[in-house]
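Asks: Below: one structure in structure tokens.
The values are calculated or read from the model by the stated rules, or taken from the named source; none is laboratory data. Note that the structure is a prediction, hence the values are computed from the model and not measured. As a convention, Cβ positions derive from the backbone with ideal geometry for all residues, glycine included, and neighbour counts pool all protein chains shown. For accessibility, only protein heavy atoms count, side chains too; no ligands or nucleic acids. Shrake-Rupley method; radii C 1.70, N 1.55, O 1.52, S 1.80 Å.
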Amino acid sequence: MGQVKKSRSAVIVGAGAGGVAAAARLAAAGWDVTVVEKNDFTGGRCSLIKRDGYRFDQGPSLLLLPRLFRETFEDLGTSVEEEGVHLVKCDPNYNIHFHDNVNFKMSTNLPLMKQEIERFEGIDGFERYLSFLQESHRHYEQSVIHVLKKNFYSLLSMARPSFLRYLQTLHPFESIYSRASKYFKTERLRRVFTFASMYMGESPFDAPGTYSLLQYTELVEGIWYPIGGFWKVVEALVEVGKRKGVKFRMNTPVSQIVTQGSRATGVKLASGEVIEADKVICNADLVYSYNNLLPKTSYATSLSKKAASCSSISFYWALDKQFPELSAHNIFLAEHYRESFDNIFKKHLIPDEPSFYVNVPSRVDPSAAPEGCDTIVVLVPVGHLLDHDTESHRGTQSGATQDWDAMVAIARKTILRTLEARLNISLSEHILHESVNTPPSWKEAFNLDRGAILGLGHSFWNVLSFRPKTIHPTIDGLYFVGASTHPGTGVPIVLAGAKIVTEEILKAEPGGKVPWVPNGAEVTKESESKMDRVQPMFGLFHLFIFALLMAAPMLYLKYGAASGSSKWATPQIGKDW
């Protein structure tokens, strides 16, 4: 696609993955685009920490759902490879370490997985694993088609027959842990195939069963890593955008989204300068934006009371030697699995014995550390920052205090003790220097509400039509992209959201031309399925009945289990150990 004459303008607040992708897409459609960013680097949490020849991924370190990354570049007339992004596959996916030094190697290699699963589940365990993959495959494909590539404007959007017919097979009313328990007999493998819900900032005991799609993409498509760090993907999109005319203004914080009447007309910078535009796309944290960049409303207040995802204490360690006992991706699971998640998501603290993730980028990318040395990133999920008034309102907190200096010290001691005991290594004495991120630092650096690194939570009542919309409900010309708006968190999901948002904007223009649609075909709301448009109330009625039927077992679990019946009971932790 060549340069197109500019006719319309847009200003984008924030140069995170969603903002950068939306900028490139609008520029490809001929728009004059300016991106303003408070920091001196692009990528937001997808940025790098560099020191003395060591390089750390500040946030994401696993590239999942590669098809969504490739689609973004292909829509822009290029490819991941053409833009110099070299992806390497991590094999094995993970080494998973249990509390008693028993290990599990997770891989896309079927013979290896057969061997690993049968060690714990017996001869017929592999067949149950294939059945689990079949279900997670359905979750994956149906979510991509019916969630990640569609907008949800209201409850009526969930009543679309094209979506509703798949709702039951997505298992949104069951937890991912309960779904895994139907396929795996042992507690160990239930944990192996549910811990990834942490990537959505959710406990596996609360995250909808739909999210087994994460296990599917890992187990079938694999885990990938961009040489040079995850930021290389964002950097490539920035360069594509610049070639198409996008202007990036760094160190440029925004103080206000400017409105005239009921329409967004631009942004006011902290310096007092106003940038006018036909459309505004906000890629800053959504809850922060509603409460700080726009006039305060009851809706903004209600967003602050919505359940947020977890946060993290993240350690970035530069080591003066290599530890081959650690692979590129490592998971250390707590002995008291459920209790550890309850400490995070109900008490908003650090568990006494946390499950945690260890990334060693230098294992697959030697440029991440000096020769003979390792870089290590340790992510310890912890509760988000407490707003005691809000937590009291929700009834989820009872006077706990968060002393982050103390919690960092506890986390460091616990992690080092766990690594050294389970791997039989002496790691602490080889740490040359350390950087740390905590909920307060995440909040300060990226304006994250409550320091929640994955935005708002992802329970069923906080996704689809219940999630904050990509379009402001009352201000024309104002759109949102990022972790807390539809379709949700995670870099590939946010890239899908950038496509949804830019197509929304282009649909509203005369002619509705979208460059990445074959032959520049017009894309309007009229192109939606006729069935979806003419039968919304029919679908809404069935959605209501279906929700009642699906809620029955959940209500029984909550209120009826005490009666003594165990028909619907979730398998007890430890019973099948």
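Asks: Towards the positive end of the charge dipole of the chain, with charges on Cβ (+1 Lys, Arg; -1 Asp, Glu), say which of 416, 41, 491 has the farthest Cα.
Replies: Farthest towards the positive end: 491.
Asks: Taking only protein heavy atoms into account and a 1.4 Å probe, give the accessible area per residue of region 110-221 in Å².
Replies: Working: 3730 Å² over 112 residues.
It amounts to 33 Å² per residue over region 110-221.
Asks: Using Cα positions and a limit of under 19 Å, work out the aspartates and glutamates in reach of residue 182, with same-chain residues fewer than 8 apart set aside.
Replies: 116, 118, 121, 124, 127, 135, 174, 206, 576
Asks: For the ranges 418-430, 71-83, what's the packing order if you count other beta-carbon atoms within 10 Å of each residue, average per peptide, and put the highest first? Numbers along the way, then the final one.
Replies: Values: 418-430: 15.4, 71-83: 17.5.
Order by mean packing, descending: 71-83, 418-430.
Asks: Under a Cβ-only charge scheme (Lys and Arg +1, Asp and Glu -1), can you give me the dipole magnitude of the chain about the Cα centre, in debye to the nearest 20?
Replies: On the way: 62 positive and 61 negative charges, 302 e Å.
For this selection, approximately 1440 debye.
Asks: Under unit Cβ charges (Lys, Arg +1; Asp, Glu -1), what dipole magnitude, rounded to 20 debye, does region 279-353 have relative to its Cα centre?
Replies: On the way: 8 positive and 8 negative charges, 141 e Å.
That gives region 279-353 a dipole magnitude of about 680 debye.
Asks: Based on the alpha-carbon gyration tensor of region 110-221 and its eigenvalue square roots a ≥ b ≥ c, which shape applies: rounded if a/c is under 1.5, prolate if not and a/b is larger than b/c, or oblate? List each step's numbers first, then the result.
Replies: Values: a/c = 2.38, a/b = 2.02, b/c = 1.18.
Prolate, since a/c reaches 1.5 and a/b exceeds b/c.
Asks: Quick one: pull the percent of accessible area on region 110-221 belonging to carbon and sulfur, 1.4 Å probe, ligands and nucleic acids left out. Could the numbers behind the result be given before it?
Replies: Working: 2110 of 3730 Å².
In region 110-221, the share of accessible area belonging to carbon and sulfur is 57 percent.
Asks: For region 110-221, with the dipole built from +1 on Lys and Arg beta-carbon atoms and -1 on Asp and Glu ones, taken about the Cα centre, which of 175, 148, 125 lies farthest toward the positive end?
Replies: Comparing the listed Cα positions along the dipole, 148 ranks first.
Asks: Turning to a different aspect of this structure: Rounded to the nearest 0.05, what FRET efficiency do residue 227 and residue 169 have when you use their Cβ-Cβ distance and R0 = 51 Å?
Replies: After rounding to 0.05, the efficiency reads 0.85.
Asks: Just grab the label-to-label distance for residue 105 and residue 335, each label 7 Å out from Cα along the Cβ direction, in nm (one decimal).
Replies: 2.7
Asks: What FRET efficiency comes out for residue 433 versus residue 220 if R0 is 45 angstrom and r is the Cβ-Cβ distance? Round to the nearest 0.05.
Replies: On the way: r = 39 Å, r/R0 = 0.86.
E between residue 433 and residue 220, to the nearest 0.05, is 0.70.
Asks: Taking region 266-296, which trypsin sites (Lys or Arg not before Pro) meet the DSSP loop condition and have no more than 10 other C-beta atoms within 10 Å? All intermediate terms of the calculation are to be shown ahead of the outcome.
Replies: Values: sites: 268, 279, 296; in loops: 296.
Listed in order of number, the matching sites are 296.
Asks: While we're here: If each of residue 51 and residue 405 carries a label point 7 Å out from its Cα toward its Cβ, how far apart are those two points in nm?
Replies: The modelled label-to-label distance comes out at 1.9 nm.
Asks: Then there's this: Any chance you could run the full-extension gain for residue 67 through residue 305? It's 0.36 nm times the residue separation minus the Cα-Cα distance, nm to one decimal. Write out the running numbers ahead of the final one.
Replies: Details: separation 238, 0.36 × 238 = 85.68 nm, distance 3.44 nm.
Length gained between residue 67 and residue 305: 82.2 nm.
Asks: Is the shape of region 264-349 best called rounded, prolate or oblate, per the rule: a/c under 1.5 gives rounded, else a/b larger than b/c gives prolate, else oblate, with a ≥ b ≥ c the square roots of the Cα gyration tensor eigenvalues? Provide the component values of the computation, followed by the final result.
Replies: Working: a/c = 3.93, a/b = 1.76, b/c = 2.23.
Judged from the Cα gyration tensor, region 264-349 comes out oblate (a/c at least 1.5, b/c at or above a/b).
Asks: How much length would be gained if the chain were fully extended between residue 130 and residue 256, taking 0.36 nm per residue of separation minus their Cα-Cα distance, in nm to one decimal?
Replies: Numbers: separation 126, 0.36 × 126 = 45.36 nm, distance 5.17 nm.
Full-extension gain reported as 40.2 nm.
Asks: Nearest-5 percent of antiparallel DSSP beta bridges in the chain? Let's see the in-between values first.
Replies: Values: 48 of 68 bridges.
Looking only at bridges with both residues in the chain, the antiparallel portion is about 70 percent.
Asks: Then there is this: Take each of the peptides 162-174, 359-371, 446-458, average the number of other beta-carbon atoms within 10 Å over its residues, and list them starting from the highest.
Replies: Numbers: 162-174: 18.1, 359-371: 20.2, 446-458: 25.4.
Order by mean packing, descending: 446-458, 359-371, 162-174.
Asks: OK, next. Run a plain Debye calculation on the chain (Cα atoms as equal point scatterers, no solvent) and give log10 I(q)/I(0) at q = 0.05, 0.07, 0.09, 0.10 Å⁻¹, rounded to two decimals, same order as the q list.
Replies: The Debye formula, applied to the Cα set alone, gives -0.20, -0.41, -0.69, -0.87.
Asks: Work out, step by step, the length gained on full extension between residue 114 and residue 88: first 0.36 nm times the residue separation, then minus their alpha carbon distance; give nm to one decimal.
Replies: 7.0 nm
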